[in-house]
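Contents: one structure, followed by commentary.
The values are calculated or read from the model by the stated rules, or taken from the named source; none is laboratory data. Because the structure is a prediction, the values reported are computed rather than measured. Every residue, glycine as well, gets a Cβ built from its backbone with ideal geometry; the counts of neighbours run over all protein chains shown.
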Amino acid sequence: MARNPVLRPNDATKRGAAVLSICAVLVACSAVERRNVDEDRPTDTRVAIHLSASAQHEHRAVMLQHLETVQMIVHALAEENYDLAKGLTDSHLGFFRHRELMVRQQPENFPPPYHDLALAHHEAAEQLARIIPTKDLKQILPQFDNLLKTCVACHLEYKVKANS
């Protein structure tokens, strides 16, 4: 009678699981921090950015694209596809992308501190793209964390509202 061999994860699978676990912890920690902030601040005190319906739609699309890109970068890192992770980071989150997207979102309606946070986000992305080719997760993950911190900081500070 043939026995089924025990499936053992290879090193790439273990590293991928480690990356995904760390990212899950980061997301969970962000959620805990957000809940604690909300408990301390029962009303929504985020700064409202008023946009036309079309600019609001464009801004939402950009935020969703950023989220999808972050997920794809995590997947690429888990698969040890560092070229893809770097390419996604460069093309979707860097400064060039920021300038291209802001033009369609009524940039004059965003306060200067918002732009500062956006630029910090794009700089963190560019720093991440520079470190990815090392293929060293001990260097990549802290920089990835810095990128996520810029996302969280902005979402804690601002919300988009339709012009009335």
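Annotations for the structure displayed:
- For Thr89, the criteria (1) over 23 Å from Val160 (Cβ atoms); (2) at pLDDT 95 or above hold in every case but one, which is (2).
- Of all residue pairs spaced 6 or more apart or on separate chains, those with beta-carbon atoms under 6 Å, a first member in the range 60-88 that is aromatic (Phe, Trp, Tyr) and in a helix (DSSP H, G or I) and a second member that is buried (at least 18 other Cβ atoms within 10 Å of the Cβ) and modelled with pLDDT of 95 or more are Tyr82/Ile132.
- Each residue in the range 108-135 was checked for being among the hydroxyl-bearing types (Ser, Thr, Tyr) and without any contact (Cβ under 8 Å) to a residue 24 or more places away in the chain, and 1 pass.
- Hits in the range 60-95 (condition: within 16 Å of Val152 (Cα to Cα), in contact with a Leu (Cβ under 8 Å, 6 or more places away or on another chain) and not hydroxyl-bearing (Ser, Thr, Tyr)): Val62, His66, Val70, Leu93
- Residues in the range 105-164 that are modelled with pLDDT under 95, not aliphatic (A, V, I, L, M) and not in a helix (DSSP H, G or I): Gln106, Phe110, Pro111, Tyr158, Lys159, Lys161, Asn163, Ser164.
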